[in-house]
Each structure stands twice: as structure tokens, then as C-alpha cells.
Amino acid sequence: MPSRKFADGEVVMGRWPGSVLYYEVQVTSYDDVAHLYTVKYKDGTELALKESDIRSQSSFKPRKSQSSSSSPSRRSSSRSRSRSRSPGRPAKGRRRSASQSREHKDDKKKTMQETSLALPVLVLFKPSENNTKRYNGEPESTEKNATSCIILEQKLKPDLEIKRVLEQYSLRPRKDDKKKEEIYSEKKTFVAVKPIEKVSTKTKELEFGGRIGIFMLILLLPATVFYLLLMCKQDDPSLLNFPPLPALESLWDWRVFGVCLLWFFLQAAFYLLPVGKVVEGLPLSSGRKLQYRINGFYAFILTAAAIGVLLYFEFELHYLYDHLMQFAVSAAAFALALSIYLYVRSLKAPEEELAPSGNSGYFIYDFFTGHELNPRIGSFDLKYFCELRPGLIGWVVINLAMLLAEMKIHNLSVPSLSMILVNSFQLLYVADALWNEEAVLTTMDITHDGFGFMLAFGDLVWVPFVYSLQAFYLVGHPITITWPVAAAITVLNCIGYYIFRSANSQKNNFRRNPADPKLANLKFIPTATGKGLLVTGWWGFVRHPNYLGDIIMALAWSLPCGFNHILPYFYVIYFICLLVHREARDEHHCKQKYGLAWERYCQRVPYRIFPYIY
């Protein structure tokens with residue numbers, strides 16, 4: 001077994017993957033199994049490099065100049081501007097011979113060729129869109145405007161045009177041009193053929209309390225859902241009034257399970273319809289971009305039409321209310337089966353297709369967080385499909401079932417004002433998510449987290465059955481509110497929605513096309529990855545303005561339920577805890593990814609979610 005060459009903490013020169021440029025790095029650790037060094041660049045970026053890509057600093061010391069051995073003509077060239085065809089101007093020293101003059105000209109040509117070759121080689125090997133200083137944590141400017149790249153290109157355009165004309169009408173011998181062309185083609189061939197080395201992305205830091213915390217979550221998440229649904233059925237849903245446990249045989253109904261399967265495959269059929277545009281997601285670690293069909297809103301319209309047909313033929317939709325616990329159990333069983341399938345198939349997935357957050361090597365952890373990043377059956381993306389379709393649209397259907405159940409149980413000709421507000425607010429939220437379906441491709445769930453039990457259970461069970469808790473609560477515990485109170489709650493929801501939607505649109509548009517003229521007024525901090533961190537607009541107000549809008553809307557959804565019990569406010573409490581934890585995950589991930597640029601961003605935008613509070 002080969003011994004390591006560089007020690008932890010040693011400052012060396014590390015090669016940037018895919019280039020010939022070396023930067024000063026510090027060795028932080030060594031993997032004895034993969035034989036890879038983890039090194040840290042000056043800007044905070046951490047990468048895993050092979051030993052062949054690391055050199056000691058002594059090998060990069062500049063060599064002593066050889067100018068002392070140069071010819072007399074070269075030394076005198078700096079003091080004389082005489083031409084070989086002007087014999088009337090005698091030189092101060094002895095006249096140079098013809099051979100010396102030719103030697104001087106050849107050396108000058110060689111120097112010019114080396115200089116002209118240096119520029120394209122450096123450009124070809126330049127990582128991302130940043131310069132060397134920026135990769136070493138020394139950006140040329142702290143902030144940049146979205147049009148800065150265009151202005152720079154316009155400034156350089158005349159110089160590039162002059163260079164092209166000079167090269168076109170150069171008086172150098174064709175032999176030298178041919179030689180230069182051959183050298184340059186060799187360099188270019190070397191660049192094209194040499195692949196970017198892929199390193200193993202093992203998950204080193206375990207989240208959610210490690211393996212023990214993950215095991216507890218797998219048990220607690222289903223238990224929490226069942227507990228909340230049982231509490232809503234109680235006449236007194238206070239926390240101290242623990243509901244009696246139902247008989248196990250009453251929790252399962254094969255007909256209900258069949259309806260769940262029918263619902264899942266109906267949404268899958270809508271997903272496969274050749275309607276809607278096809279877009280590319282963000283680049284993966286391999287540089288490949290996956291394609292996604294954007295037709296979620298069409299699926300929503302078709303589902304609404306199908307529900308309308310069922311109601312027209314007098315189908316009792318409040319059947320969902322009577323068997324909601326059985327539907328939740330069936331959905332949980334299906335999510336568990338799907339998670340097992342996802343983990344088994346991920347064992348055969350290539351290394352580059354594994355999720356950076358779920359590749360720890362521990363079964364329980366990878367099963368929960370998701371081992372494979374984008375599991376697909378052909379072109380059918382399982383994670384992307386489950387993210388918005390079955391659970392989110394199912395949430396709206398359950399809300400509608402609760403509205404009809406309230407009217408039937410309390411003999412109402414129209415729903416209560418509280419029920420109308422809850423249904424309207426959440427319908428707007430779901431319709432907005434499906435209308436802006438493309439925006440989900442830039443979220444952490446799609447770009448970073450794998451598809452395992454966490455997302456499968458969250459998408460198929462937690463979202464439809466916990467997010468509909470307010471409507472379920474109002475069926476058994478009706479609340480009467482006045483129109484002024486309803487108007488105030490509506491204004492609060494609109495404020496939250498405006499912050500949520502405008503912040504997300506600003507972020508997504510900037511990620512898709514930073515050079516968009518519509519975003520020219522936005523300032524950003526450049527990073528070593530080539531991306532920018534917005535410091536104006538909503539993202540200069542707090543670091544996660546979309547989370548702030550989400551929390552305000554969650555509060556507006558719970559207020560129509562009154563203040564008799566804390567149960568309908570579970571969603572707000574849970575959502576604050578979820579977003580604070582997610583913000584901490586984002587903070588840790590961005591600090592590792594962007595290094596010093598993220599620290600400068602945090603100094604510029606000190607508040608995380610709540611301005612002047614947190």
C-alpha cells in the first residue's frame with residue numbers, strides 16, 4: 001500500500017481539475033482507500049485531488065535568468081534602434097555581424113510566438129468565468145453588475161480586431177506560421193482529449209443527528225401524521241387529551257389502497273402526455289443536463305375536470321373525510337415500498353449519479369436521505385414527478401373533500417367563511433407552484449438531495465395529509481369569523497405571497513440567465529464557481545426572503561381556525577422549524593461551495609430569514 005507524500009496542514013500547489021493551472025492549497029485530510037487528498041484553496045473551495053495533481057512549492061520557484069549569457073547584440077539592442085539597412089548611422093560599439101543580426105531577429109520572433117501562444121493556452125484552461133485572483137480569494141471587485149461581462153467584451157473587441165488584422169497581414173515567414181499552427185493544434189488537441197477527472201463524492205458529514213437521528217425520524221414521521229389525524233377527530237383536540245388508538249384492522253382497506261394506486265398512476269399518465277415545453281435542468285457534476293417536461297398545470301386542469309365529472313355523477317367525495325386515516329396509512333405503505341425500490345436500484349447506479357447528501361455508506365442514512373440523485377425509468381423522472389404532482393394536487397382534492405364534508409355534516413348551503421379562506425389560500429399556493437413548475441428545478445430538493453424515504457414520504461404523505469390539517473380541523477370544529485377579520489387575513493396572505501413569488505422569480509431568473517437585460521439593475525458578488533450571489537433586491541434584504549413569505553402565508557392559513565386550540569397552528573410551528581433547519585443546511589453548503597464570497601455575502605446581508613430578528 002503506497003504511503004502518502006504530503007502531510008495534513010502542508011501548503012502545496014494543487015492543479016485545478018481539467019486545467020494546467022496550479023494554485024496554492026493546504027492539505028486537510030487524506031483518504032487511504034481512494035488515495036485522494038482533500039485540499040482547501042484560498043477562497044475556501046475544497047476538492048479531492050490525486051497525488052499526481054499535487055506538487056511541492058519548491059518545484060514552482062522561478063529559475064535564475066540566463067540573460068548574462070546572451071549575445072552582445074541582444075544586450076545592445078535595448079540601447080540602439082538602428083536598422084540593418086541604415087549604414088549611415090554608425091553604432092557606438094562594434095557593428096553587429098549579419099549572423100548576429102539574424103540571431104537577434106529569430107530570438108525576437110520566438111519570443112513573440114511564445115507570448116502569442118501563452119494567451120490562448122491560458123484561456124483554454126481557465127476554470128469557469130473567473131480569473132486567477134478570484135480563485136485565490138482575491139476578486140477584482142466585490143460587486144458586479146449583470147452587464148459587466150458585456151461591457152468588458154465591448155472594450156476588448158477593438159483590441160481583438162486589431163490583433164486579427166495584424167496576424168492576417170503579418171510579414172513573418174510562412175514556415176514560422178506553420179510551426180506555430182502545429183504547436184497550437186497540439187496544445188488544443190491535448191485540451192480536448194484530456195478528460196476532467198471525476199472524484200468520489202462521499203458524504204462525510206451526517207445530518208439529522210446521524211444514524212440514530214435518522215432511525216428515530218423514520219419512526220416519528222408516520223406516527224406524527226397518524227397522531228394529528230386522530231386528534232382532529234377528537235371533540236377536544238388539546239395536547240393533553242391523547243386520542244384512543246384505533247384497532248389495527250380498521251387502519252387498512254384494500255379498496256382505499258387501490259384508490260391510492262389509481263391516483264398515483266393517473267397523475268403519472270398526465271405527466272407522460274406530450275404537452276408542455278421541455279426544458280433543461282441545472283448542470284450535474286458531470287456537466288450533463290437532464291431534460292424535464294413542464295406540464296404540471298395541464299395535469300392540474302385535467303384533474304379538476306376529472307373531479308368535476310365525478311361530482312356531476314354525484315360521487316360522494318366526502319368519502320375521503322370518512323376514510324382519511326386509511327388513506328394516510330395506504331399512502332405511507334406505498335411511500336415505504338417506493339423508498340425500498342429506490343434504494344435497491346441505486347446500488348447499481350454509477351458513482352456520478354449518486355446524491356452528494358446520501359452517499360455515506362451507511363444503509364439507514366442513505367435509505368432515508370436518498371442514495372441516487374435523479375432516479376429515472378427511461379425519461380420518467382421519479383423525484384421530479386413526486387415533487388409536485390401526486391401530493392400537491394392531492395392536497396387540493398382533500399381540501400375540497402373537507403369543504404363538502406363540512407356542508408353535509410352541518411347542513412350548510414354554502415361553506416363557512418373560514419373554510420373558504422383556507423381552501424382559497426392553499427389553492428392559490430398549489431396553482432402557483434404548478435404554474436411556475438420550472439422553478440423547482442433550481443431548488444435544493446432537485447439539485448442536492450437524493451430521492452429516498454425523506455422526500456418520498458414527504459411528497460406522498462406529509463404534504464397532502466398534514467398540509468390539509470386546517471381544513472380537516474374546521475370540519476369538526478367550525479369557527480365563525482367576521483368579514484373585517486377575513487379581509488385582514490387575506491391582506492396578510494397576499495403580502496406573504498408577493499414576497500414569496502417575487503423573491504423566487506428573481507432568484508430563478510438570475511440563475512437561468514444572469515445577463516438578462518431585465519436584471520441589469522441587480523448587483524452580485526462573484527464566486528469561484530462562476531455563479532453570483534445577489535446583494536440587491538429581495539436577496540439583499542434577507543438571505544432567504546422566500547422562506548419569510550412562506551412563513552407569513554402559513555400563518556394566514558391557520559388564523560381562520562381561531563385560537564381555541566394549538567392543533568391548527570402545528571403547520572406554522574413545524575414550518576418555522578423546517579425552514580430554520582433548511583436554512584442552516586443551506587448556510588453550511590454555501591460556505592463550503594463559495595468560500596470567502598459567501599462570508600462577504602453574509603457581512604453584506606446579516607439577517608437570515610426575519611429582518612432585524614434572525
Number of the exception - Arg389 against (1) touching a residue at least 40 places away in the same chain (Cβ under 8 Å); (2) not in a helix (DSSP H, G or I): (2)
Restricting segment 518-531 to residues that are open to solvent by 20 Å² or more (accessible area, probe 1.4 Å) and of a type outside the set (A, V, I, L, M), the one farthest from Cys590 (Cα to Cα) turns out to be Lys518
Within segment 413-436, residues among the polar types (S, T, N, Q) and either closer than 14 Å to Leu469 by Cα or in contact (Cβ under 8 Å) with a residue 60 or more places away in the chain (or both) come out as Ser416, Ser418, Asn423, Gln426, Asn436
Kindly list the number of the only condition in (1) buried (at least 16 other Cβ atoms within 10 Å of the Cβ); (2) more than 26 Å from Leu336 (Cβ to Cβ) that fails for Gly458. (2)
Before we move on, is Leu229 touching a residue at least 12 places away in the same chain (Cβ under 8 Å), closer than 21 Å to Val396 by Cβ and part of a loop (DSSP other than H, G, I, E, B)? no
Count of residues meeting criterion [in contact (Cβ under 8 Å) with a residue 60 or more places away in the chain and within 18 Å of Trp539 (Cα to Cα)] in segment 566-587: 3
Output the qualifying pairs, or none if there are none: Cβ atoms under 8 angstrom, residues six or more apart or on different chains, first residue in segment 475-500 and farther than 20 Å from Leu428 by Cβ, second residue open to solvent by less than 70 Å² (accessible area, probe 1.4 Å) and among the hydroxyl-bearing types (Ser, Thr, Tyr). Val475/Tyr321; Pro478/Ser416; Pro478/Ser418; Ile479/Ser416; Ile479/Ser418; Thr480/Ser416; Thr480/Ser418
Would you call Tyr292 open to solvent by 40 Å² or more (accessible area, probe 1.4 Å), touching a Gly at 6+ places or on another chain (Cβ under 9 Å) and hydroxyl-bearing (Ser, Thr, Tyr)? no
When you go through (1) open to solvent by 30 Å² or more (accessible area, probe 1.4 Å); (2) part of a helix (DSSP H, G or I); (3) modelled with pLDDT under 95 one by one for Leu412, which number turns out not to apply? (2)
Does Ala503 satisfy being part of a helix (DSSP H, G or I), of a type outside the set (Asp, Glu), open to solvent by less than 40 Å² (accessible area, probe 1.4 Å) and outside the structural domain of Glu437 (by the TED database)? yes
Within segment 301-324, can one find any residue that is touching a residue at least 24 places away in the same chain (Cβ under 8 Å) and within 27 Å of Tyr365 (Cβ to Cβ)? no
For Ala488, work out the one condition from (1) buried (at least 22 other Cβ atoms within 10 Å of the Cβ); (2) of a type in the set (A, V, I, L, M); (3) farther than 26 Å from Pro222 by Cα it doesn't fulfil. (1)
I'd like the full set of residues that are touching a strand residue (DSSP E or B) at 6+ places or on another chain (Cβ under 8 Å) and open to solvent by 20 Å² or more (accessible area, probe 1.4 Å), limited to segment 39-53. Lys40, Lys42, Glu46, Leu47, Ala48, Lys50, Glu51
Hey, any hits in segment 437-449 for a residue that's touching a residue at least 24 places away in the same chain (Cβ under 8 Å), surrounded by 22 or more Cβ atoms within 10 Å (Cβ to Cβ) and over 16 Å from the mean Cα position of the chain (by Cα)? no
If we keep just the residues of segment 329-369 that are among the hydroxyl-bearing types (Ser, Thr, Tyr) and in a helix (DSSP H, G or I), which is surrounded by the most Cβ atoms within 10 Å (Cβ to Cβ)? Thr369
Segment 239-268 residues that are touching a residue at least 12 places away in the same chain (Cβ under 8 Å), paired with ones that are part of a helix (DSSP H, G or I) and surrounded by fewer than 17 Cβ atoms within 10 Å (Cβ to Cβ) (beta carbon under 6 Å, 6 or more apart): Pro243/Leu230
Hey, any hits in segment 566-582 for a residue that's part of a helix (DSSP H, G or I), buried (at least 18 other Cβ atoms within 10 Å of the Cβ) and in contact with a Lys or Arg (Cβ under 9 Å, 6 or more places away or on another chain)? no
When residues of segment 251-276 are limited to those that are outside any helix (DSSP H, G or I) and out of contact with any Phe, Trp or Tyr (no Cβ under 8 Å at 6 or more places or on another chain), the one surrounded by the fewest Cβ atoms within 10 Å (Cβ to Cβ): Pro274
Do we have Tyr292 as in the same structural domain as Leu266 (by the TED database), touching a residue at least 40 places away in the same chain (Cβ under 8 Å) and not in a helix (DSSP H, G or I) here? yes
Please verify whether Phe425 is surrounded by 17 or more Cβ atoms within 10 Å (Cβ to Cβ) and within 21 Å of the chain's Cα centre (by Cα), treating the condition exactly as stated. no
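The values are calculated or read from the model by the stated rules, or taken from the named source; none is laboratory data. Being a predicted model, the structure only gives us computed values, none of them experimental. Please note: Cβ atoms are built from the backbone with ideal geometry, for glycine as well, and neighbour counts cover all protein chains shown. Each accessible area value is taken on the protein alone, full model and side chains, heavy atoms only, with ligands, DNA and RNA left out. Shrake-Rupley method; radii C 1.70, N 1.55, O 1.52, S 1.80 Å.
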